[in-house]
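For reference, the structure discussed in these notes is given below.
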Amino acid sequence: RRARRGAALAARGFPVDAADLATVVPVNLASAEQVAGLTLGRLLTPLLMLFLLTGGAVVAIDAIAGEKERGTLETLLTTAAARAEIVAAKHLLILTVALAITVIQVGNLLLYVGFKLIPTTVDFSAAVSPATALLLLVLYLPVAALVSSVLLLVSGHARSYKEAQLYFFPVFLVGMLPGLAAVLPALPLRSAIVLVPIANLSVAVKELLIGHPDWPFTAIAWLTTAAAALWTSRLSTRALSTERLIAPVAAESTELAGGPALFPRHVLRWFAAMWGLTLVFGLNADTAVDVRVQTVVNLIGIFLGGSLLMIRRYRLDARDALALRPVRPAVWVAVLAGVPAGLLTGIGVFRLANLVVPVPPRVIESFSQALLPADVPMWQLLLLFTILPGICEEIAFRGMLLHGLHRRLHPAALAVAVGVTFGLFHVTLFRIFPTAYLGVLLASVVLLTGSIFPAMLWHALHNGLGLVAGQYGWSMSGAEPGTYLAAAAVLAACFWILWRNRTPYPGLRPWRRREQAA
């Protein structure tokens with residue numbers, strides 16, 4: 001565009017090259033050493049997470065899932081060692097590999113950059129001294145412990161080597177996200193990010209390499225990640241000490257026969273594949289691809305098409321799988337009142353998330369312009385961004401995903417799992433939190449009413465209200481805190497109405513063991 005604009009000006013006799021009209025001379029206020037530290041600090045934690053996840057996964061997958069597949073775990077279980085001791089030993093094995101990777105990477109950084117064993121600028125070499133390398137090693141110790149615990153838990157839940165590899169892909173993608181916190185601009189450690197494991201140490205490492213460490217908040221970040229590592233370690237040890245997870249599992253008749261009983265075991269695989277297709281298509285869709293085409297492909301091709309394929313593949317009853325059931329009249333009143341309250345509280349959630357992951361206003365403006373082009377008629381916007389999402393996304397997430405997980409998770413965990421998955425499908429970082437919040441609300445509506453129809457209406461009206469507000473310039477992001485509190489009170493009243501008129505989703509797991517025994 002810039003070249004065409006310059007050519008058009010020259011063709012009309014403009015006397016000066018357009019590039020010479022306003023010459024920009026950048027002046028960096030930071031020292032060269034600080035610039036080098038910033039560059040290194042942004043890359044160091046993501047690279048370490050990459051090596052920890054890939055290298056640790058090789059050992060973790062073979063430690064339990066591989067032994068299950070080979071049948072050697074049975075021999076180990078017949079020894080005098082307790083199951084907790086077996087799990088602890090395998091955990092120490094993975095932790096040893098993770099610590100070795102951390103030591104090697106920090107040592108490489110010191111040898112090749114700090115001691116100038118490879119050609120680098122003087123300032124870049126000065127960013128890493130022996131004392132700095134030692135501090136980096138200490139800071140990364142809880143990161144290695146947390147990653148090893150998560151990998152052990154994933155390997156223990158898998159029943160075969162191949163299944164563990166399938167689980168590893170989403171874990172790898174999610175695990176890389178907090179390491180990228182240092183890449184975000186204007187994100188200081190002295191903020192809510194200090195309470196987010198791994199992400200807090202990523203920012204702390206960047207500030208350390210810049211030369212402006214915040215020692216009190218660095219200590220808080222280290223303790224937070226260490227506490228998360230300890231909690232995950234205890235969780236994995238307790239979970240994998242049960243015979244159901246650590247013992248090898250023989251192929252059941254449902255594996256061979258297929259059908260509806262097999263669907264809960266495979267539902268996450270389908271959604272991982274759908275997420276991958278959504279991500280690949282979004283990354284490869286350049287500006288030449290109309291946003292309408294991209295939306296139709298995602299909603300109808302991936303979400304609706306994938307859901308219909310699952311119903312056909314596993315011979316599911318569409319009425320039960322999609323929760324196509326009538327509801328009581330009072331439910332519709334609660335939905336109509338809950339839509340604006342949910343939208344306002346969702347904006348409040350976004351503002352809270354913005355304290356952790358600040359998003360420049362120009363990024364949001366650019367995204368809105370790309371998502372809602374000015375030349376698209378209003379009726380097409382309403383069709384593409386209200387009606388189709390209300391149908392297709394609800395069928396996929398509050399239909400198929402919720403149906404596949406409803407016997408595996410308790411209701412509260414089920415609503416959170418479905419909502420978080422829904423948020424992760426909206427890959428843009430600043431959209432994940434508010435979209436996940438909306439997903440939790442919609443999943444809760446389906447669980448209370450036993451029907452997908454109220455969630456469809458809620459979703460469509462939610463998107464429509466936001467679309468109309470954007471088109472007419474109604475800003476709701478600058479409201480006072482009292483407005484969000486009032487909206488939260490209205491939302492609570494709406495869910496109280498839903499609770500009073502509930503017809504719960506059939507087949508849910510009971511809340512308490514006493515109910516389960518009964």
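Working out 0.36 nm times the residue gap between GLN294 and LEU309, then minus their Cα-Cα distance, what length gain in nm do you get to one decimal?
Details: separation 15, 0.36 × 15 = 5.40 nm, distance 2.04 nm.
Stretched fully, the GLN294-LEU309 segment lengthens by 3.4 nm.
Taking the Cβ-Cβ separation of ALA11 and TRP231 as r and a Förster radius of 51 Å, what is the calculated FRET efficiency to the nearest 0.05? Computed FRET efficiency for ALA11 and TRP231 comes out at 0.15.
What's the local net charge at VAL194, with K and R +1, D and E -1, over the other residues with C-beta under 15 Å away? Working shown, then result.
Working: positive: ARG190, LYS206; negative: GLU207, ASP214.
In short, 0.
Within the shell of other residues whose beta carbon sits under 13 angstrom from the beta carbon of THR75, the net charge comes to 0, with Lys and Arg scored +1 and Asp and Glu -1.
At 222 nm, what value in deg cm²/dmol follows for the chain if DSSP H runs of at least 4 each add -39500 (n - 2.57) and the sum is divided by all its residues, to the nearest 500? Walk me through the intermediate numbers first.
Details: 25 runs with 342 residues, N = 518.
-21000 deg cm²/dmol, from helical runs alone.
Packing here is the average count of other Cβ atoms within 10 Å per residue, and on that basis the peptides 434-440, 380-386, highest first, run 434-440, 380-386.
According to the Cα-based calculation, Rg over Rh for the range 87-240 is 1.01, with Rh computed by the Kirkwood formula.
Taking 0.36 nm per residue of separation and subtracting the current Cα-Cα distance, fully stretching the chain between THR78 and LEU355 would add 94.5 nm. Computed from phi, the 3J(HN,Hα) profile of the range 385-401 under the Karplus parametrisation 6.51, -1.76, 1.60 (θ = phi - 60°) reads 10, 10, 6, 4, x, x, 8, 5, 5, 5, 4, 6, 8, 7, x, 5, 5 Hz, with x in place of Gly and Pro.
Distance from the alpha carbon centroid of the range 55-118 to that of the range 435-493 works out to 45 angstrom.
Label-to-label distance, TRP332 versus ALA18, with points set 7 angstrom from Cα along the beta-carbon direction: 5.6 nm.
What does the extension gain come out to for VAL183 and VAL27, with contour length at 0.36 nm per residue minus their alpha carbon separation? If you can, show how the numbers build up before the last one.
Numbers: separation 156, 0.36 × 156 = 56.16 nm, distance 2.13 nm.
Using 0.36 nm per residue and subtracting the Cα-Cα distance, I get 54.0 nm.
Placing a pseudo-label 7 Å from each Cα along the Cα-to-Cβ vector at ARG509 and GLN380 gives an inter-label distance of 4.6 nm.
Read-outs throughout are calculated quantities, based only on the coordinates presented, and are distinct from any laboratory measurement. From a predicted model like this one, the values you see are computed outputs, not experimental measurements. With ideal geometry, Cβ positions are generated from the backbone for all residues, glycine too; neighbour counts draw on all protein chains shown.
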